[in-house]
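The structure appears right after this line, and notes come after that.
The numbers here are math on the coordinates, done by the rules we state, and not lab data. What you see is a predicted model, and the numbers here were worked out from it, not measured in a lab. Note: ideal-geometry Cβ built from the backbone for every residue, glycine included; neighbour counts use all protein chains shown.
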Amino acid sequence: MLNKSFSLHVSKLIKSYNKTIRVDSDKSISIRSLLIGAISHNISEVKNVLESDDIFSCIDCLKKLGVKIDKVKAKHYRVYGKGLGSLYAKKNTILNCGNSGTTARLLIGLLSTNPDIYVKIRGDHSLNKRNMSKLIDLMGEFGVTFLPKNKINFPLTLISSEIPIGIKYKARVSAQLKSAVMLAALNANGVTNVIEEKQSRNHTENMLLQSPKVLTIKKNNKNQNHIKVFGKSYLDPLNINVGGDPSSAAFFTAMTLLTPNAQLKIKHVGLNQRRVGFYNLLKKHNAKIKFINIKKINHEVVGDIEVRSSKLKAINASSDYYVSATDEYPILFVIAALTKGTSTFKGIEDLANKESNRIEEMKKIFNQVGVRCQSTKKQMKIFGATKIKKMDATIKVPNLGDHRICMSSVILSLVTGIKTEIKNFETVRTSSPSFLEIIKSLGGSFEIKKTL
């Protein structure tokens with residue numbers, strides 16, 4: 001199916017299962033390993049890399065910037081680091097980030113303080129619609145110029161700073177903005193100070209901590225993390241073994257919780273404390289989820305997840321959960337729709353600026369099958385029931401370019417048996433190319449319709 005568009009039709013209820021699986025590798029860590037490896041010294045080895053469209057977009061961009069990247073074997077890549085400030089491309093070179101917001105934001109961070117960069121950055125139709133104003137403003141503090149002026153979405157031309165100087169930044173919910181600042185800081189003069197007002201994903205920090213004297217993390221008098229990045233520091237090569245993606249595992253966890261008499265073990269999953277909000281939230285609402293065989297590799301926690309079907313309580317998710325469960329909200333909404341009672345999700349305003357407006361798009365799906373929900377910019381209420389009202393309806397998901405909406409729709413269909421038609425399902429390859437293969441291994445059935 002590579003490079004082919006297709007729709008997915010699902011209509012059959014999945015039966016109970018007792019299986020062990022592995023999910024696709026972590027996308028966040030895979031992309032960061034390649035980017036940081038590119039500006040480190042000597043050769044970085046990255047194993048168990050996610051081989052998805054987003055990662056291929058990242059590799060393609062780095063190669064256009066003069067970075068040599070060899071594929072040793074399946075999922076094993078060798079990155080020949082050029083050192084800080086050594087990326088180069090001819091003027092007006094086009095860097096296409098595809099659907100990958102992570103690649104776009106973090107690459108812009110790297111390029112912003114790299115000398116003599118004058119490139120055009122773009123993405124696919126979905127990424128090109130996303131608001132980049134916060135990133136533009138932040139990189140402007142380092143002295144970067146974006147053209148056309150006042151434009152807030154891709155395509156954009158980036159002209160790097162001539163004399164970048166470290167900045168002060170108060171980080172909130174976006175790990176990508178925080179990472180972009182830290183990556184820009186690596187080649188800026190002086191120290192960049194980042195105060196974490198809210199703790200978001202820390203994969204970038206964990207990788208940079210593998211090089212001495214690059215950054216420090218200490219608590220300030222408000223018990224917030226104060227990250228100092230020391231510009232022009234030597235970056236050691238990386239040796240990374242990427243764990244499974246907890247966001248990809250969330251879909252199979254949800255399906256198991258909602259399928260009677262189902263059991264599942266998901267092996268070698270990343271269990272970084274800042275990535276498991278989905279699991280912690282559900283455990284508080286009667287979900288039978290266990291983390292076992294836990295160990296730490298390269299500052300990252302990995303382990304196995306055991307899940308059993310559960311009778312859940314209505315979910316009450318305060319805004320505190322948003323940062324550690326950002327990508328899992330569409331599938332959390334599905335769980336809420338099929339759980340008796342009123343579920344409430346607060347502090348979710350940033351869902352409007354994902355690959356699609358995930359609040360509105362999930363509401364449209366629920367409206368098609370009679371699930372009542374109410375939303376404001378910051379909050380969603382879902383009035384759940386154990387059975388769908390309109391079982392004779394057909395859910396139709398248009399081409400949104402949003403992999404997580406696509407996967408959430410499949411799970412909704414499999415656990416209810418309601419007919420679902422999803423256009424342009426190939427977008428799931430951006431994060432979870434093995435998704436359908438795993439669904440099939442668990443007994444799920446579907447029909448692929450090629451787009452002519």
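Shown here for segment 226-305: trypsin sites (Lys or Arg not before Pro) in loop regions (DSSP other than H, G, I, E, B) with at most 16 other Cβ atoms within 10 Å, namely Lys232, Lys284.
Each residue of segment 321-335 was assigned a 3J(HN,Hα) from its phi angle through the Karplus expression (A = 6.51, B = -1.76, C = 1.60, θ = phi - 60°), giving 7, 4, 5, 8, 9, 3, 7, 9, 4, x, 6, 4, 4, 4, 4 Hz with x at Gly and Pro.
Please work out how much length the chain gains when fully extended from Glu360 to Ser11, using 0.36 nm per residue of separation minus the C-alpha to C-alpha distance, in nm with one decimal. Could the numbers behind the result be given before it?
Details: separation 349, 0.36 × 349 = 125.64 nm, distance 2.37 nm.
Using 0.36 nm per residue and subtracting the Cα-Cα distance, I get 123.3 nm.
Amide H contacts of Leu95 (H built 1.01 Å from N, in plane; Pro and chain starts excluded): Lys120, Ile121, Arg122 sit under 5 Å, all sequence-distant by 5 or more or on other chains. Neighbour counting of Cβ atoms within 10 Å sorts the residues Asp392, Asp124, fewest neighbours leading, into Asp392, Asp124. Were the residues from Ala74 through Asp236 laid out at 0.36 nm apart, the gain over their Cα-Cα distance would be 55.9 nm. A cut-off of 5 Å between modelled amide H atoms, ignoring neighbours fewer than 5 places along the same chain, links Arg130 with Phe154.
Shown for Cys61, Cys97: other C-beta atoms within 10 Å of each C-beta, ranked fewest to most, produce the order Cys97, Cys61.
Here His41 and Asn92 are evaluated by their C-beta separation; at R0 = 35 Å the FRET efficiency comes out at 0.75. Only DSSP H runs of four or more residues enter the estimate; each adds -39500 (n - 2.57), and after division by the residues of the chain the mean residue ellipticity at 222 nm equals -8000 deg cm²/dmol. Between amide H atoms placed 1.01 Å from N, distances below 5 Å from Ile43 occur with Gly81, all of them 5 or more places distant or on a separate chain. Stretched out straight at 0.36 nm per residue, the stretch from Ser375 to Asp350 would grow longer than its current Cα-Cα span by 7.7 nm.
Set the bar at 28 Å for Cα to Cα. Now go through Lys27/Lys340; Lys12/Lys354; Lys71/Lys296; Lys222/Lys295; Lys120/Lys377 and name every pair that lies beyond it.
Values: Lys27/Lys340 33 Å; Lys12/Lys354 30 Å; Lys71/Lys296 26 Å; Lys222/Lys295 30 Å; Lys120/Lys377 33 Å.
Beyond 28 Å between Cα atoms: Lys27/Lys340; Lys12/Lys354; Lys222/Lys295; Lys120/Lys377.
Residues Arg358, Arg404, Arg78, ranked from the fewest to the most other C-beta atoms within 10 Å, line up as Arg78, Arg358, Arg404.
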